[in-house]
Amino acid sequence: MNSRLPVVLLVEDDPGDVLMVTEALERSQRPPVLHVAGDGQEALDFLRRGGPDADRPDLILLDLNMPRLDGRQALAAIKGDERFRAIPVVVFTTSDAESDVLASYQRHANAYVTKPMDLDALEAVVDQIGHFYTGVSALLPPQRNG
């Protein structure tokens, strides 16, 4: 297991969901460094700004229904960019519509998880996602410049 703390980018416009996800991640065995973007455009700006390797997310939790640039558009942009394609993206949304599930996987989402409406269930799901992607599976190695 990698000794550095995992980095998670949460792309979510609902402050209540941000709070619940943040609290669930903070309770995990290896709490990640968490960055929050309020919509897809903020997420892309965060990814594109460059900077230290520590800022590159090991996992992106992406809501679908957001203002400006929604999750579908952001997912297509992330997976369409060679620099970010390998970052696991979990679509984490209230929608359970088959068309959203299909469209997300067609845009190369790594997983699609419907947000439970119950607080305890939501925290349990976030914990499971975090545990798998930042505890069980290997983190991306640091990028080398040049």
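The values are calculated or read from the model by the stated rules, or taken from the named source; none is laboratory data. Quantities reported herein were computed from a predicted structural model and do not represent experimental measurements. FYI the Cβ positions are ideal-geometry reconstructions off the backbone, even for glycines, and counts take in every protein chain you see. In case anyone asks, the SASA skips ligands and DNA or RNA and just uses the protein heavy atoms, side chains included. Shrake-Rupley method; radii C 1.70, N 1.55, O 1.52, S 1.80 Å.
Computed quantities for the displayed model
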item: Cross-chain or 6+ apart pairs with Cβ under 6 Å, region 32-45 first and open to solvent by less than 10 Å² (accessible area, probe 1.4 Å), then part of a strand (DSSP E or B); result: 37/11; 43/11; 43/37
item: Boolean, residue 24 is open to solvent by less than 30 Å² (accessible area, probe 1.4 Å) and at pLDDT below 90; result: yes
item: Checking residue 56 against (1) without any contact (Cβ under 8 Å) to a residue 40 or more places away in the chain; (2) touching a strand residue (DSSP E or B) at 6+ places or on another chain (Cβ under 8 Å); (3) within 12 Å of residue 9 (Cα to Cα), the condition it does not meet; result: (1)
item: Residue list for region 11-21, restricted to those being under 20 Å from residue 74 (Cβ atoms), open to solvent by less than 70 Å² (accessible area, probe 1.4 Å) and in a helix (DSSP H, G or I); result: 17, 18, 21
